[in-house]
Amino acid sequence: MLDEIKEIKLKKLINLRQSGMEAYPEKTERSMTNQKALAGFEALQEKELSLVGRIRSLRPMGGSAFANIEDESGKIQIFLNKDNIGEEKYKLFTDNVELGDFIEAGGKLFKTQTGETTLQIRDWKMLSKSLAPVPTEYFGLKDTEELLRRRYLDLMMNAETREIFRQKNIFWQTVRNFLAKHGFLEVQTPVFENIPGGADAEPFVTRHNALGRDYFMRISLELPLKKMLVGGYEKIFEIGRVFRNEGIDREHLQEYDMVELYSAYTNLKEGMKLTKKIFQEIVKKSGKAETEYEGNMINWLGKWETKDYFKLFKEETEIDLGKEISVEDLKKKAVELRIEYRPEYGKGRMVDLLFKKKIRPKLTNPCFLVGHPIEVSPLAKKDPKNPKKVLRVQVIAGGTELANGFSELNDPIDQRARFEAQMKLREAGDKEAQMLDEDFVEALEYGMPPAFGLGISERLFAFLMGKSVRETIIFPPMKEK
């Protein structure tokens, strides 16, 4: 059936070319967008206009025809008949123009009897002849997997999908403008890294032919940016793509964008104030001051509570992280709570797993989570009041992590020890444990000022939209059919 449809479309393409009309011309005489024409009807109705767009509906009626054409700004109705356009050009249109074709239509605006602003066309030309059947708005693709696989059809058919990516642009522009306004310098750091660092994640490996060596694709933006603090910058940020070779679920994907910022001479308390300001600026600009989550409304502009990691952990698991706890004790608790874990998991990974599965889902309203155990935070500065804790903050809402910030560890001796502990976990089979980055440790030895660092990924955007991360990536990676 599909082959028959394509064959008919090819015949119509041949008909157009035999008539002397180019089916894929380079040039168009477009004078304005469809929305501008609709909005300016009173001033434009006596002027010759040239509008363009994709044919979205087509209604031939003997000697005349109505159609809707759509550009990015919206749809407008066009009308043509034999008297205005000539029988030959009219027949060429009705015999060969179909849903999905892009055309240019020239003529004047008028109002129909029903009051609809319409372009009565005196001439037309093909801009792009479609050779595959375009799904209609009502009887087209409905399967989510197919819509993601052929996202161009999703964008073509669904205004809601197109709006997601307009909103995503607003999201990132808001972040960029806010940081620039507060004195941060935007920079770019390499995607290829000698050692992947800054996060607990399995990296992708790629081959650099010119240098004859393998590189890791970055899993975060952190370590190069902190080297820039060593070099003398004080307020910097980067918005860039990171790559993590992990599973796919509502919150995780292999590639996505994030922002990381670093502010020298800023402590954790000051950093938390900055974090809340960024969040509230984002929700104001996106019109999402409240977000619905499982029947509850999350108010981003209200008060955010501060929650202590150790206290929550003890309340929910009866385990006091302030005392000496073995990996075996944590694994027994996981079995008791029916939480699956991998045999190679060490203490930090087990603590993190229990928290994510048992405690974090209960944190619905926006809050600051502080006082993390040192085992789950290899890049954060120790809490001087409690060496079992670090100076770290996470923004949690709707049971998920939406931002992660540290008072950055700038002690090279401590940092090396933390990396070495992570390497032991890697040797035990934990592929997500961090690697020892000698170059970064050497940079710290030259001195890095005290600083606050913050990372926010597009998971926040997906959460505000009520979507999975995969739905907010324009062309997400997909399994082969």
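Values in this text are rule-based calculations from the coordinates and carry no lab data. Only a predicted model underlies this, so the values are computations on that prediction, with no experimental measurement involved. Neighbour counts are summed over all protein chains in view; Cβ atoms, including those assigned to glycine, are modelled from backbone coordinates with ideal geometry.
Computed from label points 7 Å out along Cα-Cβ, the spacing between E438 and A210 is 2.6 nm.
Among V335, V191, the ranking by other beta carbons within 10 Å of each residue's beta carbon, starting with the fewest, stands as V335, V191.
Please give the charge dipole size of the chain, origin at the Cα centre, charges +1 on K and R Cβ atoms and -1 on D and E Cβ atoms. Round to the nearest 20 debye. It comes to approximately 720 debye.
The alpha carbon centroids of region 435-461 and region 238-280 are separated by 12 Å. Straight-line cross-link reach from K111 at under 26 Å between alpha-carbon atoms covers these lysines, not counting any fewer than eight positions away in the same chain: K36, K47, K75, K82, K89, K91, K125.
Summary of the geometry: region 300-340 and region 84-122, compared by the centres of their Cα atoms, lie 67 Å apart. Positive end of the dipole of region 155-472 (Cβ unit charges, origin at the Cα centre): among I236, M435, G398, the Cα lying farthest that way belongs to G398. Between exposed chymotrypsin sites (Phe, Trp or Tyr not before Pro) in the chain, where DSSP calls loop and at most 13 other Cβ atoms lie within 10 Å, what's the longest gap? The longest such stretch corresponds to 266-445.
When Rg and Dmax are taken over the Cα atoms of the chain, they come to 28.9, 91 Å.
Under 15 Å from the Cβ of S31, count the other residues' Cβ atoms, weight Lys and Arg +1, Asp and Glu -1, and hand me the total. Local net charge: +1.
Taking the longest Cα principal axis of the chain as reference, the axis of helix 2-18 is set at about 50 degrees. Straightening the chain between E420 and K467 buys 13.1 nm, computed as 0.36 nm per residue apart minus the Cα-Cα spacing. The string of couplings for region 105-112 from the Karplus curve (6.51, -1.76, 1.60, θ = phi - 60°) is 10, x, x, 10, 7, 8, 9, 6 Hz, one whole number per residue in order, with x for Gly and Pro. Obtain the nm distance between the two label points defined at Y152 and D3 by a simple spin-label model: each point lies 7 Å from its Cα along the Cα-to-C-beta direction. For Y152 paired with D3, the spin-label model returns 2.3 nm. Pairwise Cα distances in region 304-389 exceed 17 Å for 47 percent of all pairs.
Tell me, how many Å apart are the Cα centres for region 11-82 and for region 371-425? If you average the Cα positions of each part, the centres end up 60 Å apart. A dipole drawn for the chain from +1 and -1 charges on Cβ atoms has a positive end, and of L444, S263, F461 the residue lying farthest that way is F461. What percent of all Cα-Cα pairs in region 233-316 falls in each 5 Å bin, counting up from 0? Percent of Cα pairs in each bin: 3, 10, 12, 15, 20, 23, 14, 3, 0. Summarising the overall dimensions of region 2-134 from its C-alpha atoms, the Rg and Dmax are 14.4, 47 angstrom. Note on Q188 and Q18: with the Förster distance fixed at 51 Å, the Cβ-Cβ geometry gives a FRET efficiency of about 0.50.
Distance between the pseudo-spin-label points of R162 and E29 (7 Å out from Cα toward the beta carbon): 2.5 nm. Every helix of 4 or more DSSP H residues in the chain counts as -39500 (n - 2.57), and over all residues that averages to -10000 deg cm²/dmol at 222 nm. A simple rule links phi to the HN-Hα coupling: the Karplus curve 6.51 cos²θ - 1.76 cosθ + 1.60 with θ = phi - 60°, which for region 181-190 gives 4, 9, x, 8, 9, 7, 10, 10, 10, x Hz, with x for Gly and Pro.
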